[in-house]
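Q: Encoded as structure tokens, here's the structure I'll be asking about.
The values are calculated or read from the model by the stated rules, or taken from the named source; none is laboratory data. The structure presented is a predicted model; accordingly, all values stated were derived computationally and were not measured. All Cβ positions, glycine included, derive from the backbone under ideal geometry; neighbour counts span all protein chains shown. For accessibility, only protein heavy atoms count, side chains too; no ligands or nucleic acids. Shrake-Rupley method; radii C 1.70, N 1.55, O 1.52, S 1.80 Å.
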Amino acid sequence: MKRAAPSCPICAESSLPIGEKRGVRVDRVFHLARCTACGFAFVQNPWTDYTTIYDETYYQGKGSDPLVDYVFEYQNPNRTIRLHEWNGIEQAVTILAPSARSWLDYACGNGGLVRHIANSGFTRVAGFDTGAWADRARADKLPILLEHELPQCAAAFDVITAIEVIEHITDPVAFLREVRKLARPGALLFLTTQNASNAPRNFVDWSYVRPEIHVSFFTTQALAIALEKSGFQPFYPGFIRGWDQILRFKILKNLGRREIGTYERFLPWSLIARVTDLFYKFTALPVGIAR
């Protein structure tokens, strides 16, 4: 029997079933639906055993996403290809929020970006996440907030980043509203995710659909609506400085690389990144400015 699709969690319009996909780690079939208005796609029956999903296996790249290796990144911050992404995010944020003094990396994972920007001239840098790797980063003296500390940080940050986070969230509008509480008026929310506007016709064949961990898929329109509903003004900076490095990381990651190589220096990354962005439309997605 075909599962009926609920209304869109973003714009509340009707949605239609678009297929199903079996899990990699859990023997379970996940059902996907897509909004007929804003194009937002979502897993209808998400797996929410987060302790199991984001266990040590996941952080080693042996879980639902074989392309990640947070253990190597944490132990080798100057050799990991993630360094390109960190540099790119810092460059982009500096352009978009030149007078910012405080920065929170929300859902910071192992705290790699927090550690990278800790000495970048901001008066306050912090991360937030839960789980064993956040505990480990905190034990290593990284400024990773505990959940009960968040209410004390209301309207405390000029910049909030959420890097490849929102696709993991089952209720994105509620998530963004919680993030908004931490942002000062005028603060920048810089987030990254894949653009579902560019997904293949047969959506479930898209390589980004890993339904055990990726449960929300945003078009440009859907993300703009979610930001507006959450107290942010959508803003479209396009391909600014920094995106060449962010996309450099994404390309190398998808090629299975994990360590910076000498050969990379000879490649025209600005051109490569721009061509990549023409196809995948990463920079067509908006960032948010807190109202």
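Q: By accessible area of protein heavy atoms, probe 1.4 Å, what ranking do His148, His116, His214 get, highest first? Can you show the working numbers first?
A: Values: His148 125, His116 50, His214 5 Å².
Ranking His148, His116, His214 by accessible area, largest first, yields His148, His116, His214.
Q: Which one, Val209, Tyr106, Leu142, projects farthest toward the positive side of the charge dipole computed for the chain from Cβ point charges (K/R +1, D/E -1)?
A: Val209
Q: Further, regarding this structure: At 1.4 Å probe size, what's the solvent-accessible area of Asp27? Round to the nearest 10 Å².
A: Counting only protein heavy atoms, Asp27 exposes about 130 Å² to solvent.
Q: Moving on. Using R₀ = 51 Å, calculate the FRET efficiency as 1/(1 + (r/R₀)^6) where r is the Cβ-Cβ separation of Lys141 and Glu13; round to 0.05. Don't jump to the answer; show the numbers that get you there.
A: Values: r = 48 Å, r/R0 = 0.93.
Given R0 = 51 Å and the Cβ-Cβ separation, E is 0.60.
Q: Given labels modelled 7 Å from the Cα in the Cβ direction, how far is it in nm from Thr36 to Lys181?
A: Those two pseudo-labels are separated by 3.6 nm.
Q: I've got another one for you. Express in Å², to the nearest 10, the accessible area of Arg177 obtained by rolling a 1.4 Å probe over the protein heavy atoms while all chains stay in place.
A: 120 Å²
Q: Normalised by the number of residues in the range 100-143, what is the relative contact order in percent for Cα pairs under 8 Å and 6+ residues apart? The partial results should precede the final answer.
A: On the way: 59 pairs, mean separation 20.2, N = 44.
It rounds to 46 percent for the range 100-143.
Q: Another one. As a check on your grasp of the helix formula, calculate [θ] at 222 nm for the chain: sum -39500 (n - 2.57) over DSSP H runs of n ≥ 4, divide by the residue count, round to the nearest 500.
A: Working: 10 runs with 87 residues, N = 291.
Counting only the DSSP helices, I get -8500 deg cm²/dmol.
Q: With every protein chain kept in the model, how would you rank Arg210, Arg25 by accessible area, 1.4 Å probe, largest at the top?
A: Values: Arg210 55, Arg25 80 Å².
If we order Arg210, Arg25 from most to least accessible, we get Arg25, Arg210.
Q: Okay, moving on. Relative to the Cα centre, what is the charge dipole magnitude of the chain, using +1 at the beta carbon of each Lys and Arg, -1 at the beta carbon of each Asp and Glu, and rounding to the nearest 20 debye?
A: On the way: 33 positive and 29 negative charges, 99 e Å.
The dipole magnitude comes to about 480 debye.
Q: Specify which labelled value, from (1) 34, 20, 17; (2) 27, 22, 21; (3) 30, 22, 18, agrees with semi-axes √(5λ) of the Cα gyration tensor in Å derived from the coordinates of the model shown.
A: Computing semi-axes √(5λ) of the Cα gyration tensor in Å and matching it to (1) 34, 20, 17; (2) 27, 22, 21; (3) 30, 22, 18 gives (2).
Q: Report the calculated FRET efficiency for Ser207 and Ala132 (r = Cβ-Cβ distance, R0 = 41 Å), to the nearest 0.05.
A: Values: r = 28 Å, r/R0 = 0.68.
Result of the calculation: an efficiency of 0.90.
Q: Okay, moving on. Calculate the FRET efficiency for Val275 and Arg241 from the Cβ-Cβ distance with a Förster distance of 25 Å, rounded to the nearest 0.05.
A: Details: r = 17 Å, r/R0 = 0.68.
So, using R0 = 25 Å, E works out to roughly 0.90.
Q: Continuing with the same structure: Mean separation of Cα pairs under 8 Å and 6+ residues apart, divided by the residue count of the range 179-291: what relative contact order is that in percent?
A: Result for the range 179-291 is 49 percent.
Q: Give me Rg/Rg_expected for the range 167-254, where Rg uses Cα atoms only and Rg_expected = 2.2 N^0.38 Å with N residues.
A: Working: Rg = 14.3 Å, N = 88, 2.2 N^0.38 = 12.1 Å.
With N residues counted in the range 167-254, Rg over 2.2 N^0.38 Å equals 1.18.
Q: Ile18: accessible area at probe 1.4 Å, nearest 10 Å²?
A: 50 Å²
Q: Hey, another quick one. What are the GluC sites (Glu not before Pro) within the range 1-85 that DSSP puts in a loop, where the Cβ has at most 14 other Cβ atoms within 10 Å? Provide the component values of the computation, followed by the final result.
A: Values: sites: Glu13, Glu20, Glu56, Glu73, Glu85; in loops: Glu13.
Of the GluC sites (Glu not before Pro), the ones in loops of the range 1-85 whose Cβ has at most 14 other Cβ atoms within 10 Å are Glu13.
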